[in-house]
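Trainee: Below is a structure I'd like to ask you about.
Just so it is clear, none of the values below were taken in a lab; they were calculated from the coordinates. Worth saying up front: this structure is predicted, and the values here are computed from it rather than measured. Positions of Cβ are backbone-derived with ideal geometry, glycine not excepted, and every protein chain shown enters the neighbour counts.
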Amino acid sequence: MADLSLTFPDGSVRKFPVGTTPAQVAASISKSLEKAAISATVGGQHWDLAWPIPMDATISINTMKDDEPALELIRHDLAHIMARAVQELWPDVKVTIGPVIENGWYYDFARDEPFTPDDLGAIEKKMKEIINLRDPVRTEVWSRQDAIDFYEKAGEPFKVELVNAIPDDGQPIRMYWHGDWQDLCRGPHLQHTGQVPSDAFKLMSVAGAYWRGDHRNQQLQRIYGVAFKNREALKAHLTMLEEAAKRDHRKLGREMDLFHMQEEAPGQVFWHPNGWSIYTTLQDYMRRKQRAGGYVEINTPQVVNRSLWEKSGHWANYRENMFIVEVDEEHAREKTINALKPMNCPCHVQVYNQGLKSYRDLPLRMAEFGSCNRYEPSGALHGIMRVRGFTQDDAHIFCREDQIETECARFIEFLSSVYSDLGFDDFEIMFATRPEKRVGTEESWDRMEAALENAIKATGRSYTLDPGEGAFYAPKLDFKLTDAIGRVWQCGTFQVDPNLPERLDATYIGEDGAKHRPYMLHRACLGSFERFIGILIENWAGKLPLWLAPRQVVVASIVSDADDYVQEITRKLTDAGLRAEADVRNEKINYKVREHSLTKVPVILAIGQREVAERTVSLRRLGDTRTRTLALDEVVSMLRTEALPPDLAADRA
RNA sequence: GCUGCCGUAGCUCAGUGGUAGAGCACUCCCUUGGUAAGGGAGAGGUCGACAGUUCAAUCCUGUCCGGCAGCACCA
């Protein structure tokens with residue numbers, strides 16, 4: 001028999017007969033490794049212990065100590081165990097697919113009656129029984145036809161479809177069993193069901209999901225589970241989920257009295273004074289930044305006749321998602337049909353088109369805090385993060401092709417400065433290149449892509465390639481930031497657009513005296529104020545930095561003899577530009593501290609007899625139980641400096 | 001939009017085929033208390049909307065509206 005050369009992680013090479021399995025390799029190394037082995041990594045691929053190795057490769061044997069393969073196997077096998085549990089409880093349920101996902105797995109079932117939360121408990125119980133059976137796992141490679149015949153006979157139509165969908169590229173069709181239960185699965189797997197920890201998984205929820213992700217297909221019932229290596233890790237995960245729930249901007253929005261939403265205006269925000277303070281503070285900041293960044297600010301109409309949307313192409317593509325406004329105009333023969341603007345670009349081209357533009361006017365950076373409305377599907381709405389009425393920090397840069405690169409680099413620096421001011425020190429750039437269906441010449445695509453790539457390089461940043469994900473007319477960049485609990489949000493965007501200037505006939509007079517077509521660069525940092533404020537709230541868990549906090553300082557009296565002094569302090573703080581309020585209610589200081597802490601006021605100044613006598617204040621920071629006693633004037637000037645927005649603070653320094 | 005769950009006081013939630021309850025918040029009174037809930041009293045609800053079944057519906061049924069989770073969507 002021919003030899004097989006296997007290279008181990010330490011670099012050593014050993015020969016084995018062709019067809020040796022990782023299990024045999026492990027056994028040849030040591031008795032203990034043979035027992036501890038759960039899978040192998042062969043030539044970079046996750047490999048079942050029982051699969052023969054066909055050719056020379058690198059190999060490492062995995063044990064439960066190797067987190068990544070161990071969790072993969074545990075979650076994967078739990079998906080099978082759950083499917084078996086479901087079919088044992090309800091034999092008429094059809095199985096479909098059940099992949100491993102972040103933190104766990106899901107499995108989609110076809111069943112007429114919905115699963116209830118009680119069912120989840122029953123399924124979990126049954127899963128534990130199956131785990132305790134320690135049934136060995138067995139896999140076999142079958143021919144396509146045998147697998148199809150098998151599933152047709154078993155009455156598993158989805159599996160038949162899956163087998164048919166497996167590409168005919170020599171990929172084996174693997175049949176999987178534990179006990180009498182069977183599934184279609186490419187593996188790899190653990191060796192028996194007892195290797196799965198019975199106390200480190202939990203079924204989380206059941207929800208609808210379309211067969212193969214297509215909304216025209218039958219809707220299945222998806223059960224989600226999470227699993228870890230041990231009970232402690234599961235507990236830690238569940239605790240993390242509770243933490244995330246505590247940050248929910250909808251909950252904090254209510255507790256901090258920032259905004260509300262109601263039935264009459266679904267997907268639209270009623271901003272309360274506190275929330276509007278965050279909004280305007282952020283907008284003021286962006287306005288200053290943009291002005292400094294060479295933008296002019298404009299404002300354009302909300303309600304615009306359909307003819308413009310027809311010209312821009314939005315009417316054809318997004319009519320379903322637009323709010324339509326019909327008006328009976330006295331002199332018109334029929335109703336005038338308008339749409340609330342779903343985006344600002346067509347209006348910006350109208351402003352650009354006023355008067356003749358010279359090449360000397362370019363690049364023209366035109367910004368608008370553009371209020372847009374989109375009729376989003378009801379199921380997509382989510383607090384203030386996904387809404388039907390929102391305002392973008394939108395801008396369009398009109399420029400020549402040779403200016404794209406500089407403008408792009410300039411924008412990346414701009415965005416980077418904004419993100420770091422707002423507490424997000426790092427972001428990722430996604431570079432979306434030409435899609436399969438596209439317009440324009442290859443040369444033009446080459447130039448546009450090169451411009452973006454060179455711009456990124458000029459800033460010294462790296463990027464992730466997103467091939468084929470560009471718009472049909474040009475490439476784009478998306479910017480993703482990571483929040484305090486590791487969630488990734490796509491907010492910023494930079495998109496080249498030769499299309500809309502064409503459609504709306506934007507031109508400029510070049511050096512040659514002839515008319516030319518400008519490029520339009522769509523760009524945003526925050527995306528929408530609504531969504532970004534949601535992200536800020538969740539990122540900071542409501543404890544916004546002082547300059548953004550709606551209520552910056554509460555001056556609380558301890559005894560009513562201090563009331564006059566409390567009012568004086570509050571006035572001084574307010575005069576210094578701080579958002580300060582007095583709390584002279586007939587409540588104990590404990591009560592006041594608790595209440596203002598719960599509503600995330602960053603600074604509480606407590607004032608009793610002593611402070612009155614000494615003209616000092618006792619300062620307490622949110623989240624800190626210590627207090628400091630400071631002179632009044634000192635506190636005012638300290639807080640005034642601290643409350644400066646980052647761009648103004650930088651100017652000062 | 002689809003599937004499932006949900007809608008009772010400002011908030012969080014009990015509850016019942018005979019028109020409703022708690023805690024917190026609110027108002028008033030007592031209390032002047034030193035850094036995360038002092039005490040007492042009071043007020044507060046078309047039980048999401050509309051239809052149907054019933055002698056009687058907040059409760060049962062249907063339709064609609066809205067919310068939540070996931071899916072689909074996100075110019």
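Trainee: Under the Karplus relation 6.51 cos²θ - 1.76 cosθ + 1.60, θ = phi - 60°, what is the ordered set of whole-Hz ³J(HN,Hα) values for the range A:85-92, x standing for Gly and Pro?
Mentor: Taking θ as phi minus 60°, the curve returns 4, 5, 6, 6, 6, 10, x, 7 Hz for the range A:85-92.
Trainee: Next question, about the same structure. Taking +1 at the Cβ of each Lys and Arg and -1 at the Cβ of each Asp and Glu, which of A:294, A:275, A:259 sits farthest along the dipole of the range A:249-296 towards its positive end, judged by Cα position relative to the Cα centre?
Mentor: Result: A:294.
Trainee: Another question about this same structure. Residues with amide H under 5 Å of residue A:438's amide H, sequence separation 5 or more or different chain, H placed in the peptide plane at 1.01 Å from N; which?
Mentor: Under 5 Å from the amide H of residue A:438: no residue qualifies.
Trainee: Kindly write out, for the range A:634-640 in residue order, the coupling ³J(HN,Hα) from the Karplus curve 6.51 cos²θ - 1.76 cosθ + 1.60 (θ = phi - 60°), rounded to whole Hz, with x marking Gly and Pro.
Mentor: Couplings: 4, 5, 4, 6, 5, 5, 4 Hz.
Trainee: Shifting gears a bit: Please compute the net charge surrounding residue A:586, taking Lys and Arg as +1 and Asp and Glu as -1 over other residues with Cβ under 14 Å from its Cβ.
Mentor: Neighbour charge sum, excluding residue A:586 itself: -2.
Trainee: With the Cα gyration tensor of the range A:228-316 in hand, convert its eigenvalues to equivalent ellipsoid semi-axes via √(5λ) and list them largest first in whole Å.
Mentor: They are 39, 21, 18 Å, listed from largest to smallest.
Trainee: Of A:451, A:468, A:431, which is farthest on the positive side of the dipole of the range A:412-488, counting Cα position, with +1 on Lys and Arg Cβ, -1 on Asp and Glu Cβ, and the Cα centre as origin?
Mentor: Of the listed residues, the answer is A:468.
Trainee: Classify the range A:144-263 as rounded, prolate or oblate from the Cα gyration tensor: take a ≥ b ≥ c as the square roots of its eigenvalues, call it rounded if a/c is under 1.5, otherwise prolate when a/b beats b/c and oblate if not.
Mentor: It comes out oblate by the Cα gyration axes.
Trainee: Same structure again: If you wrap the range A:110-212's Cα atoms in a convex hull and average its projection over all directions, what's the area in nm²?
Mentor: That works out to 7.7 nm².
Trainee: As a quick test, which of the pairs A:235/A:588; A:543/A:592; A:202/A:246; A:125/A:229; A:311/A:335; A:229/A:543 have an alpha carbon distance above 27 angstrom in this structure?
Mentor: On the way: A:235/A:588 38 Å; A:543/A:592 18 Å; A:202/A:246 21 Å; A:125/A:229 19 Å; A:311/A:335 19 Å; A:229/A:543 34 Å.
Distance filter (> 27 Å) returns A:235/A:588; A:229/A:543.
Trainee: May I pose another question? Is it possible to state the helix-based mean residue ellipticity at 222 nm for chain A, with each DSSP H run of 4+ residues giving -39500 (n - 2.57), the sum divided by total residues, to the nearest 500 deg cm²/dmol? What is it?
Mentor: -11000 deg cm²/dmol
Trainee: What base-10 log of the normalised intensity I(q)/I(0) is obtained for the range A:24-96 from the Debye formula, alpha carbons as equal point scatterers, at q = 0.11, 0.13, 0.17, 0.20 Å⁻¹?
Mentor: -0.38, -0.50, -0.71, -0.85
Trainee: Further, regarding this structure: Highest first, please rank the peptides A:226-232, A:327-333 by the mean number of other Cβ atoms sitting within 10 Å of their residues.
Mentor: A:226-232, A:327-333
Trainee: Translational diffusion coefficient of the range A:17-148 at 20 °C, 1.002 mPa s, Stokes-Einstein with Kirkwood Rh over Cα pairs, in µm²/s as a whole number.
Mentor: 126
Trainee: How large is the Rg to Rh ratio of the range A:54-110 when both quantities use alpha carbon positions and Rh follows Kirkwood?
Mentor: Rounded to two decimals, Rg/Rh equals 1.14.
Trainee: Could you size up the charge dipole of chain A around its Cα centre, putting +1 on the beta carbon of Lys and Arg and -1 on that of Asp and Glu, and report it in debye to the nearest 20?
Mentor: Charge dipole, chain A, about its Cα centre: 1040 debye, nearest 20.
Trainee: Mean separation of Cα pairs under 8 Å and 6+ residues apart, divided by the residue count of chain A: what relative contact order is that in percent? Walk me through the numbers before you get to the answer.
Mentor: On the way: 1168 pairs, mean separation 54.4, N = 653.
After rounding, I find 8 percent.
Trainee: Compute the signed sum of charges (Lys and Arg +1, Asp and Glu -1) over the other residues within less than 13 Å, Cβ to Cβ, of residue A:346. Write down the numbers at each step before the final one.
Mentor: Numbers: positive: A:306, A:311, A:341, A:503; negative: A:310, A:368, A:394, A:497, A:502, A:505.
Result for the local shell: -2.
Trainee: Another question about this same structure. Using only Cα atoms, figure out Rg for the range A:472-623 and give it as a multiple of 2.2 N^0.38 Å.
Mentor: Rounded to two decimals, the normalised Rg is 1.73.
Trainee: Measure out, as a whole number of angstrom, how far apart the alpha-carbon centroids of the range A:508-571 and the range A:317-353 sit.
Mentor: Going from one Cα centre to the other spans 31 Å.
Trainee: Then there's this: If amide hydrogens are placed 1.01 Å from N in the peptide plane, which non-local residues have theirs closer than 5 Å to the one on residue A:466?
Mentor: A:431, A:432, A:433
Trainee: A follow-up question, please. For the peptides A:499-510, A:395-406, what is the packing order when you average, over each peptide's residues, the other Cβ atoms within 10 Å and list the highest mean first?
Mentor: A:395-406, A:499-510
Trainee: Moving on to the next point. Could you quote the convex hull projected area for the range A:505-586, Cα atoms only and averaged over all directions, in nm²? Kindly include the intermediate steps, with their values, before the conclusion.
Mentor: Values: hull surface 42.3 nm².
So the Cα hull casts an average projection of 10.6 nm².
Trainee: Now a separate question. Over the range A:492-543, calculate the relative contact order: mean separation of alpha carbon pairs under 8 Å at least 6 apart, over the residue count, as a percent.
Mentor: Relative contact order, the range A:492-543: 38 percent.
Trainee: Spelling out what I want: for every residue of the range A:604-612, take phi, set θ = phi - 60°, compute 6.51 cos²θ - 1.76 cosθ + 1.60 (Karplus), and round to whole Hz; glycine and proline get x.
Mentor: 10, 10, 9, 10, x, 4, 4, 5, 4
Trainee: Hey, what D do you get for the range A:600-653 in µm²/s if you plug the Kirkwood alpha-carbon radius into Stokes-Einstein at 10 °C and 1.306 mPa s?
Mentor: Reported coefficient: 129 µm²/s.
Trainee: Right, another one. For the range A:205-354, calculate the relative contact order in percent as a whole number, restricting contacts to Cα pairs under 8 Å that are 6 or more residues apart. Mind dumping the intermediate values first?
Mentor: Details: 117 pairs, mean separation 17.3, N = 150.
Once divided by the residue count of the range A:205-354, the mean separation gives 12 percent.
Trainee: What aspartates and glutamates does residue A:159 reach when the alpha-carbon gap must be under 13 Å and sequence neighbours fewer than 8 apart in one chain are set aside?
Mentor: By straight Cα distance, residue A:159 reaches A:108, A:146, A:149, A:183.
Trainee: Right, here's the next one. Return the long-range amide H neighbours of residue A:375 (sequence gap of 5 or more, or a different chain), with a cut-off of under 5 Å between placed amide H atoms.
Mentor: HN-HN under 5 Å from residue A:375: A:322, A:323.
Trainee: Arrange the peptides A:74-83, A:602-611, A:412-421 so that the one whose residues have, on average, the most other Cβ atoms within 10 Å appears first. If you can, show how the numbers build up before the last one.
Mentor: Values: A:74-83: 25.4, A:602-611: 21.0, A:412-421: 19.3.
Order by mean packing, descending: A:74-83, A:602-611, A:412-421.
Trainee: Cross-link partners among aspartates and glutamates for residue A:357, C-alpha distance below 20 Å, same-chain residues fewer than 8 apart left out?
Mentor: A:297, A:368, A:401, A:402, A:407, A:497, A:502, A:505, A:511, A:512
Trainee: Follow-up question, since we're still on this one. Please identify every one of the trypsin sites (Lys or Arg not before Pro) in the range A:150-211 that sits in a loop by DSSP and has no more than 15 other beta carbons within 10 Å of its own beta carbon.
Mentor: A:186
Trainee: Hey, another quick one. Could you give the dipole magnitude of the range A:32-99 about its Cα centre, charging the beta-carbon of Lys and Arg +1 and that of Asp and Glu -1, in debye to the nearest 20?
Mentor: 140
Trainee: Find out how many positive minus negative residues lie around residue A:430, taking Lys and Arg as positive, Asp and Glu as negative, among other residues whose Cβ is under 15 Å from that of residue A:430.
Mentor: -2
Trainee: Okay, next question. What do you get for Rg/Rh of chain A when both radii come from the Cα atoms and Rh is the Kirkwood radius?
Mentor: Details: Rg = 31.3 Å, Rh = 30.0 Å.
Reported Rg/Rh (Cα atoms, Kirkwood Rh): 1.04.
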